[in-house]
Amino acid sequence: MATLLKLSFQKELHKKYLNRFLNGRMPSFLANMDSNRSIVLYFCVSGLDILGDIDDIPEERKNQMIDWLYSLQVEDDEPVSGFQGSTTINTREYRGKHQAYQWGHIATTYSCLLSLLILGDDLKRVNTKEIIKSLRALQLDDGSYKGAIDGAESDMRFVFCAAAISYILNNWSGIDIEKMLDFILKSISYDGGIGQGPDLESHCGSTFCAIAALALSNNLHILSQEQFKNLRRWLLSRLEIGFNGRPNKPTDTCYSFWTGGALKLLNAYQFIESDDNPNFVLMTQDKYGGFSKWVNSASDPMHTYFGLAGLSLMNYGDLNEMFPALNCTSRIHSRIKKLHLQWE
């Protein structure tokens, strides 16, 4: 493979790009993300955490963001507790009432918990009891999880979110572990990768989610030697210039983390036989900051975060180290473990 031209890493521009979003400057082409503003915030503060820039946010601004995140927390005796994506659907007529879709979602609950930790919160205002009760209601008979109590899909993404929430809150009573493990094993495809569910196409995103759920629950050992070997082979085969998410698909910035993180968890990252991986990610940099999905396309917060996370896995550019299983920095993982000791 030909070696690509070495590109420079525009660290300061990426800091400015992410801070623009935190200051409310969202471009119109991302208007469809309004109902998931908490996830946009997660990508931004997580990206700044990787860049080592989180302490430069004024404490007053951090506290404003923390209070806003807690304003999204739903607390109810019914199994709808957790965090919402934004205040978009909390209309004046239904404010304070739990109408359809005004309930917690498993993905936003996960991202809000991590955002709170990154911003320095101690999670004392989190209603752990109701979140765990709601988690229990979201697990289906096949072991998978749906995203919310109604109107949401069920697949491997939400299995990972359930495992991550349980790990962060140090409470696994919201998961039937045996059912979850059975669902993951049944989702391993003929080619060695893992799909969103049984008999579905292997995908690096769902493969990461499955492996991370196993790692967080201390169950990687359930994979047979053959399954372990096939997973490594399938993931390593996703490398072209950078990583793609599945066979015959274009290389995409975010898979530098989804695929790279899965390889890290399987202790196989060192088998990547190319120096071009960081160059592809750097090729997707925008001249105004941020990373895009592909070369010559618009940058966005998600691909900016995953581009930075992928570069961190490559030990590139003096970035903070990642803790891949939880999709956060090792700094935040250390905070979580310290909180666990305080809660005991």
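A short reminder: the numbers here are calculations on the coordinates, not readings from a lab. Please read these numbers as outputs of a predicted model, since none were measured by experiment. Cβ placement follows ideal geometry from the backbone for every residue including glycine, while neighbour counts extend to all protein chains displayed.
Note down the net charge around SER299, summing +1 for each Lys or Arg and -1 for each Asp or Glu among other residues with Cβ under 14 Å from its Cβ.
Every neighbour counted, the sum reads +3.
Is it possible to state the helix-based mean residue ellipticity at 222 nm for the chain, with each DSSP H run of 4+ residues giving -39500 (n - 2.57), the sum divided by total residues, to the nearest 500 deg cm²/dmol? What is it? Present the calculation step by step, with values, prior to reporting the outcome.
Working: 13 runs with 158 residues, N = 344.
Rounded to the nearest 500, it is -14500 deg cm²/dmol.
Using the Cβ atoms and a cut-off under 15 Å, what net charge is assigned to the surroundings of ASN219, where Lys and Arg are +1 and Asp and Glu are -1?
-1
Are any of the pairs LYS16/LYS229; LYS264/LYS293; LYS146/LYS293; LYS293/LYS338; LYS16/LYS129; LYS62/LYS179 more than 31 Å apart by Cα-Cα distance, and if so, which?
Too far apart for the 31 Å limit: LYS16/LYS229; LYS293/LYS338; LYS16/LYS129; LYS62/LYS179.
Remind me, relative contact order of the chain in percent, using alpha carbon pairs under 8 angstrom and six or more residues apart?
RCO, the chain: 17 percent.
Answer rounded, prolate or oblate for the stretch 95-184, using the Cα gyration tensor with square roots of eigenvalues a ≥ b ≥ c: rounded when a/c is under 1.5, else prolate when a/b is larger than b/c, else oblate.
The shape class here is oblate.
If we sort 103-110, 82-89 on the protection proxy, mean other Cβ atoms within 10 Å, highest first, what's the order?
Numbers: 103-110: 26.8, 82-89: 20.6.
Listed from highest to lowest mean packing, they are 103-110, 82-89.
Which of the peptides 60-68, 14-22, 200-208 is most tightly packed, and how do the rest follow, going by the mean number of other Cβ atoms within 10 Å of each residue?
The most tightly packed comes first, giving 200-208, 14-22, 60-68.
Enter the mean projected area of the convex hull around the alpha-carbon atoms of the chain, in nm², rounded to one decimal.
Computing the convex hull of the Cα atoms and averaging its projections yields 17.2 nm².
Any chance you could run the full-extension gain for LYS16 through HIS221? It's 0.36 nm times the residue separation minus the Cα-Cα distance, nm to one decimal.
Additional length available on full extension: 69.6 nm.
Setting aside same-chain residues fewer than 8 positions from LYS15, which aspartates and glutamates have a Cα under 18 Å from its Cα?
Here the aspartates and glutamates satisfying the reach criterion relative to LYS15 are ASP49, ASP53, ASP55, ASP56, GLU59, ASP286, ASP300, ASP318, GLU321.
Report Rg (one decimal) and Dmax (nearest whole number) for the stretch 200-330, counting Cα atoms only, units Å.
Radius of gyration, then largest Cα-Cα span, for the stretch 200-330: 14.2, 47 Å.
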